[in-house]
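Derivation of every value follows stated rules applied to the coordinates shown; laboratory data play no part. Just so it is clear, the model here is predicted, and its values are computed rather than measured. Cβ: placed from backbone, ideal geometry, glycine included. Neighbour counts: every protein chain shown.
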Amino acid sequence: MDKILPVFKALSDETRLRILTLLRNGELCGCDIAETLKMTQPNISFHLGMLKEAGLIKVRKNGRWIHYSLDESDMFTRFLLFGIFERTKTKIPKKITRSKKC
């Protein structure tokens, strides 16, 4: 129960669902996620931290930049994400806005 509760808590927010939808297409830098969703870097970092804590995303550091991707290493997480993407019908932005910072 202790491992499942953070997952559902993380999935209960629209912003975090939008982030997961962006990561469907592959790895993105945190600044690109913030730029695409038109949100501040601290706000995005908070949501990414919750998704990481829940085990839904994984992190890769490259110098001072942090890149995020879906963590599909767990079968439960894979099926859960698949179900969410099927039911939310959230449109993936046609173009990821690349930050000038990266």
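Going through (i) 99; (ii) 115; (iii) 91, the figure that equals volume of the Cα convex hull per residue in Å³ as computed for the structure here is (i). Evaluating 6.51 cos²θ - 1.76 cosθ + 1.60 at θ = phi - 60° for every residue in the stretch 41-56, the Karplus couplings come out as 4, x, 5, 5, 4, 4, 5, 5, x, 5, 5, 5, 4, 7, x, 8 Hz, glycine and proline recorded as x.
Charge dipole of the chain (Cα centre as origin; +1 on each Lys and Arg Cβ, -1 on each Asp and Glu Cβ, all else neutral): 480 debye, rounded to the nearest 20.
Taking amide H atoms as placed 1.01 Å from N in the peptide plane, the amide H of Cys29 lies under 5 Å from those of Tyr68, each 5 or more residues away in sequence or on another chain. Amide H contacts of Asp71: Ile57, Lys58, each under 5 Å away and 5 or more positions distant or on a separate chain (H built 1.01 Å from N in the peptide plane; Pro and chain starts excluded).
Taking label points 7 Å from Cα along the Cα-to-Cβ direction, Glu86 and Leu5 give a separation of 2.9 nm. Computed over the chain, the per-residue total of -39500 (n - 2.57) for DSSP H runs of n ≥ 4 gives a 222 nm mean residue ellipticity of -15000 deg cm²/dmol, rounded to 500.
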